[in-house]
There are 2 protein chains.
Amino acid sequence: MSQNFADRLAQSVKSKGNAVLVGIDPRPDQLPSHWIESFQGDVVRAVQEFGTEVVRTVAPLVPAVKFQMAFYEALGPTGMIALEATANCARENGLLVIMDGKRNDIGSTAAAYATAYVGSPEGGPENSSPAWTSDALTINPYLGGEGITPFLQGCRHTGAGLFLLVRTSNPSAGEFQDLIADGKPVYRHVADRMMNWAEPFRGECGYSSLGAVVGATSPAQLAELRQVLRGIWILVPGYGAQGGTAADVAVAFDEQGLGAIVNNSRGITFAYQKSEFATRFGSNWQASVREATLTMIKDLAKHTAKT
Amino acid sequence: MSQNFADRLAQSVKSKGNAVLVGIDPRPDQLPSHWIESFQGDVVRAVQEFGTEVVRTVAPLVPAVKFQMAFYEALGPTGMIALEATANCARENGLLVIMDGKRNDIGSTAAAYATAYVGSPEGGPENSSPAWTSDALTINPYLGGEGITPFLQGCRHTGAGLFLLVRTSNPSAGEFQDLIADGKPVYRHVADRMMNWAEPFRGECGYSSLGAVVGATSPAQLAELRQVLRGIWILVPGYGAQGGTAADVAVAFDEQGLGAIVNNSRGITFAYQKSEFATRFGSNWQASVREATLTMIKDLAKHTAKT
């Protein structure tokens, strides 16, 4: 995967004609009960097969999937094997794989996380790809530039990507991120600082392989950060279940329909729980996944430029 | 493990007579070459057996070990199985296990990380312990209180502990953590805020199961934060290889020798690389681990009150 992640993402968004990022957050207690039962209590296997079914269902429709690592970690070590198997299935089906791990650490430890998910900072033929099936990783900025650099070095060798948490979508996001220092909020310090880090990773599409996470739940901040983060892919969580709308996220796209990918997890993978889908598809939860994905694609298209 | 983590840590520090936290960061390229070779290129097994040897060597001497998860994740999914096996060995040998994962996320995703490493926020008999062998987890504050609460809820049910990153030990730590907002640095906002979160978790020893990470490389900030963080266990990284001295960390302890645990990773596990140990112990790297641990115990004892 030596090509620049930003360019691979742009190509995938163009070829699929949308910027929907399907989030796979397999909470066991949210899986269809008949699905869980069919695996005779083997929760890890039920989760893995659920994930691969989601992957196969959405692969013809969307450019990328995002794995919420926490839900696999919650299953213990065997959950991590299920994660890798599902990520591998996603890649085999032509999807870009974003690992949502929000990893962070300093120096040599950040280098180890880089080795795991974006590639070793040391490069070389034996380090030509990360240890896991992963095209990009979400990372946390609290530790400063020294906690970011090893990830960037890894990306330089492998062409992988990163999404740095800038302004998150949760209700308490502002508690530290919105503190005002030197006349601007902490998240703006992060955003301004990341522009230097991103520059060497700019692809032919005009965007960098160092992207940003900016929630859809604060539309004013999303609009502000879209202006600041020129040439930065924005991963937008918060659409759907968290309250963000297509109109809210439209501002994150450029006139070509590039520059943002919009995540939806529960609203797609657990669409079977909504009465509108349940009445139509019954126990065929895969059909609900497909229909919810198509609905979101149409919803975004109404508010954004055509790709 | 229903007893409060803070009390278990206090008991373990008292019974071992020191507050040394051995960090297990198994970089494959730092393992003794004869050790790696003896596993015929099976790096994961070499790492696992190295870790269990370290555990058995230090178990009679120190209260706790800290696993740097990144180095196991860098080995791919099978590395995670090695991590769990090594953590299990540590528990069987009477050591408290701290998972250094610096995890963080929002709401239900934070709940999944809690389920993994400190216990499910939902409690109940089927959730009486975390999915992994873990007594405490390091967490990152950037997402605010809503990213912390699920971890605290998990700890309430299981008696596990947490260490919140307040001021880290790396050179670029200050880039965002030291920004001044409302007259005080961001890390002080985190420290002040965590006092409320910590209060319900105070044990009989007077300390809370919600601890803090404060680096030893900024002695002035460590002294400041020791004053602010009353009744908070401080996990102090930065001793040894990163430049912190026993005199630097002494300020973190109370008059009983409680209140802080001091991490040393490379300086202990890879002590065999130092000429002072290499000449004495040769290829017996376990003897170097033991001697380096004893040296650190004595070094701290010189500067802190007796336990």
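The numbers here are math on the coordinates, done by the rules we state, and not lab data. What you are looking at is a predicted structure, and each value in this text was computed from that prediction instead of being measured. Don't worry about glycine lacking a Cβ; one is built from the backbone with ideal geometry, like all the others, and counts go over all protein chains shown.
What is the ratio of the Cα radius of gyration of segment A:5-303 to 2.2 N^0.38 Å, with N the residue count, to two decimals?
0.96
Let me know the mean shielding of B:180-187 by other chains, meaning the per-residue number of their Cβ atoms within 10 Å of its Cβ.
Taking the mean over all residues of the peptide, I get 3.
Convert each backbone phi in segment A:181-191 into a coupling constant with the Karplus relation 6.51 cos²θ - 1.76 cosθ + 1.60 (shift: θ = phi - 60°), then list the ³J(HN,Hα) values in order as whole Hz, x for Gly and Pro.
10, 6, x, 8, x, 3, 5, 6, 4, 5, 4
Along Cα→Cβ at 7 Å, what distances in nm separate the B:Thr245 label point from those on the other copies, shortest first?
Reported distances to equivalent positions: 6.3 nm.
Which of B:Asp105, B:Asp182, B:Asp254 ends up with the largest GNM mean-square fluctuation for chain B, with Cα atoms connected below 10 Å?
B:Asp182
Mind listing the phi-derived Karplus ³J(HN,Hα) values for segment B:217-225, rounded to whole Hz, using 6.51, -1.76 and 1.60 with θ = phi - 60°, and x for any glycine or proline?
7, 10, x, 5, 5, 5, 5, 4, 6
Taking the Cα centroid of segment B:233-296 and of segment A:135-149, what is the distance between the two, rounded to the nearest whole Å?
28 Å
Using a label point 7 Å beyond Cα on the Cα-Cβ vector, give me the inter-copy distances for A:Asp42 in nanometres, one decimal, shortest first.
Distances to the matching label points in the other copies: 2.4 nm.
So if the hydrodynamic radius of segment A:123-165 is defined as the Kirkwood radius over C-alpha pairs, what does Stokes-Einstein give as its diffusion coefficient at 37 °C and 0.692 mPa s, in µm² per second?
Using the Kirkwood radius from Cα pairs, D works out to 301 µm²/s.
Pull out the extension gain between A:Glu276 and A:His303, defined as 0.36 nm times the separation in residues minus the alpha carbon to alpha carbon distance; nm, one decimal.
Extending this stretch completely gives an extra 7.4 nm.
Residues with beta-carbon under 12 Å from that of B:Ile139, excluding B:Ile139: net charge, scoring Lys, Arg +1 and Asp, Glu -1?
After counting each charged neighbour, the total is +1.
Helix B:107-117 versus the longest principal axis of chain B: what angle, 0 to 90°, nearest 10, using Cα atoms?
40 degrees
Taking every residue in A:79-91, how many Cβ atoms of other protein chains lie within 10 Å of its Cβ, on average?
Partner Cβ neighbours, averaged per residue: 2.
Given q = 0.06, 0.09, 0.10, 0.12 Å⁻¹, what are the Debye log10 I(q)/I(0) values for the protein assembly as shown, with equal point scatterers placed on the Cα positions and solvent ignored?
Calculated log10 I(q)/I(0) at the listed q: -0.30, -0.68, -0.84, -1.22.
Order these by the 10 Å Cβ neighbour count, fewest first: A:His34, A:His157. Spell out each step's value before the answer.
Working: A:His34 9, A:His157 19.
Ranking A:His34, A:His157 by Cβ neighbours within 10 Å, fewest first, gives A:His34, A:His157.
Between B:Ile106 and residues 5 or more places away or on another chain, which pairs have amide H atoms under 5 Å apart, with H built 1.01 Å from N, and which residues are they?
Amide H neighbours of B:Ile106, under 5 Å, 5+ apart: none.
Compute for segment A:68-170: radius of gyration divided by Kirkwood radius, i.e. Rg/Rh, restricted to C-alpha atoms, rounded to two decimals.
0.96
Find the Rg to Rh ratio for segment B:252-307, where Rh is the Kirkwood radius over alpha-carbon pairs and Rg uses the same atoms.
On the way: Rg = 13.2 Å, Rh = 12.2 Å.
When Rh is taken as the Kirkwood radius, the ratio is 1.09.
What are the residues whose amide H is under 5 Å from the amide H of B:Leu235, where those residues sit 5 or more places off or on another chain and H is modelled from the backbone?
Result for B:Leu235 returns B:Ala212, B:Val213, B:Val214, B:Ile261.
Between A:Phe39 and B:Ser128, with labels modelled 7 Å along Cα→Cβ, what's the label distance in nm to one decimal, could you check?
2.5 nm
Measuring from centroid to centroid over Cα atoms, what is the spacing of segment B:206-231 and segment A:1-50 in Å?
Each part reduced to its Cα centre gives a spacing of 41 Å.
List every residue whose amide H lies under 5 Å from the amide H of A:Gly119, counting only residues 5 or more places away in sequence or on a different chain, with H placed 1.01 Å from N in the peptide plane.
Counting only residues 5 or more places away or on other chains, the set is A:Ala131.
Over all directions, the average projected area of the alpha-carbon convex hull for segment B:170-307 comes to how many nm²?
Average of the hull's projected areas for segment B:170-307 equals 9.4 nm².
Order these by the 10 Å Cβ neighbour count, fewest first: B:Ser283, A:Ser33, A:Ser134, A:Ser108.
The order, fewest Cβ neighbours first, is A:Ser33, B:Ser283, A:Ser108, A:Ser134.
Put a label point 7 Å from Cα along the Cβ direction on B:Gly123, then list its distances to the equivalent points in the other copies in nm, shortest first.
For B:Gly123, the other copies' label points sit at 5.5 nm, shortest first.
With contacts defined as alpha carbon pairs under 8 Å and 6 or more residues apart, what's the relative contact order of segment A:174-307 in percent? The partial results should precede the final answer.
Values: 178 pairs, mean separation 23.7, N = 134.
Relative CO of segment A:174-307 lands at 18 percent.
Provide the per-residue ³J(HN,Hα) series for segment A:237-246, in order, calculated from phi with Karplus coefficients 6.51, -1.76, 1.60 and θ = phi - 60°, each as a whole number of Hz, with x at glycine and proline positions.
In residue order, the calculated couplings are x, x, 6, x, 3, 7, x, x, 10, 4 Hz.
In Å and whole numbers, how far do the C-alpha atoms of segment A:111-235 stretch along each principal axis, longest first?
Computed over the Cα atoms, the extents are 45, 28, 25 Å.
So how do A:274-280, A:264-270 stack up, highest first, on mean other-Cβ count within 10 Å?
Listed from highest to lowest mean packing, they are A:264-270, A:274-280.
How much FRET efficiency would the formula 1/(1 + (r/R0)^6) give for B:Arg230 and B:Ala287, where r is the Cβ-Cβ distance and R0 is 35 Å, rounded to 0.05?
Working: r = 41 Å, r/R0 = 1.16.
For B:Arg230 and B:Ala287, the calculated efficiency is 0.30.
If the cut-off is 26 Å between C-alpha atoms, which lysines fall inside it for A:Lys302, apart from same-chain ones fewer than 8 positions away?
Hits, sequence-local ones excluded: A:Lys14, A:Lys16, A:Lys66, A:Lys274.
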